[in-house]
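Reviewing the structure listed below.
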Amino acid sequence: MSFNPAASRRIDASITMMTEYVLPTHANVLGNVFGGQILSWVDLCAAICVQRHTRHLAVTVGIDELSFERPIRVGQVVRLQARVTAAFRTSVEVLVEVEGEDPSSGTRWACVTAFVTCVAVDDHLCPMPVPPLELVTDEEHELAAAAQDRRKHRLAKRKRSA
């Protein structure tokens, strides 16, 4: 089966899940995983998701505001899931949801949610068009509409600071 770069892609074709075990090297003196470590895993999970959608490398151009809801401690598990919420001309927005998990009880809790914007690049690191996103469910349509609003705010903010 050949790859058609202009063909639309379904969200479920690029969903990316990662699981990380929190080790002492990932944690601060309180035994909680560093926020920067979580951010690194968020960025990596989003990059894989975008690459699956576009079939090209992507660079992160922005991450919307983050709020850490609950910590994840050494010996616990970090679960990340990324999915494309919108595809624009050369950029893609990805929702990354991060959960903590206690492996001995199976209890899970929300840690952080992030919207990551990435731009697909060619072999010369120039932005390139991305495949459109095929929206199927009502939730997918709602996420895409909200992504359009976030994009408008990001572009307006960039314009104000230029």
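The values are calculated or read from the model by the stated rules, or taken from the named source; none is laboratory data. Note that the coordinates shown come from a computational prediction; the quantities given were computed from them, not determined experimentally. Positions of Cβ are generated from backbone atoms using ideal geometry, with glycine treated the same way; all protein chains shown enter the neighbour counts. These accessible areas exclude ligands, DNA and RNA; they are computed on the full protein's heavy atoms, side chains included. Shrake-Rupley method; radii C 1.70, N 1.55, O 1.52, S 1.80 Å.
Descriptive notes on the structure:
- Odd one out for Glu65, checked against (1) crowded, with 17+ Cβ neighbours inside 10 Å; (2) outside any helix (DSSP H, G or I): (1)
Okay, residues lined up against (1) touching an Asp or Glu at 6+ places or on another chain (Cβ under 9 Å); (2) part of a strand (DSSP E or B):
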{"residue": "Val50", "(1), (2)": "no, no"}
{"residue": "His53", "(1), (2)": "no, no"}
{"residue": "Val59", "(1), (2)": "no, yes"}
{"residue": "Ala86", "(1), (2)": "yes, yes"}
{"residue": "Glu99", "(1), (2)": "no, yes"}
{"residue": "Ser105", "(1), (2)": "no, no"}
{"residue": "Ala114", "(1), (2)": "yes, yes"}
{"residue": "Ala120", "(1), (2)": "no, yes"}
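- Residue match in region 147-156 (condition: open to solvent by 90 Å² or more (accessible area, probe 1.4 Å) and at pLDDT 95 or above): no
- From Phe115, Phe68, Phe88, residue being touching a helix residue (DSSP H, G or I) at 6+ places or on another chain (Cβ under 9 Å), farther than 30 Å from Ala27 by Cα and aromatic (Phe, Trp, Tyr): Phe88
- Residues in region 69-84 that are part of a loop (DSSP other than H, G, I, E, B) and either buried (at least 16 other Cβ atoms within 10 Å of the Cβ) or polar (S, T, N, Q) (or both): Pro71, Ile72, Val74, Gln76.
- Test: residue in region 6-28 that is on the phi > 0 side of the Ramachandran plot and either outside any loop (DSSP other than H, G, I, E, B) or open to solvent by less than 60 Å² (accessible area, probe 1.4 Å) (or both): no
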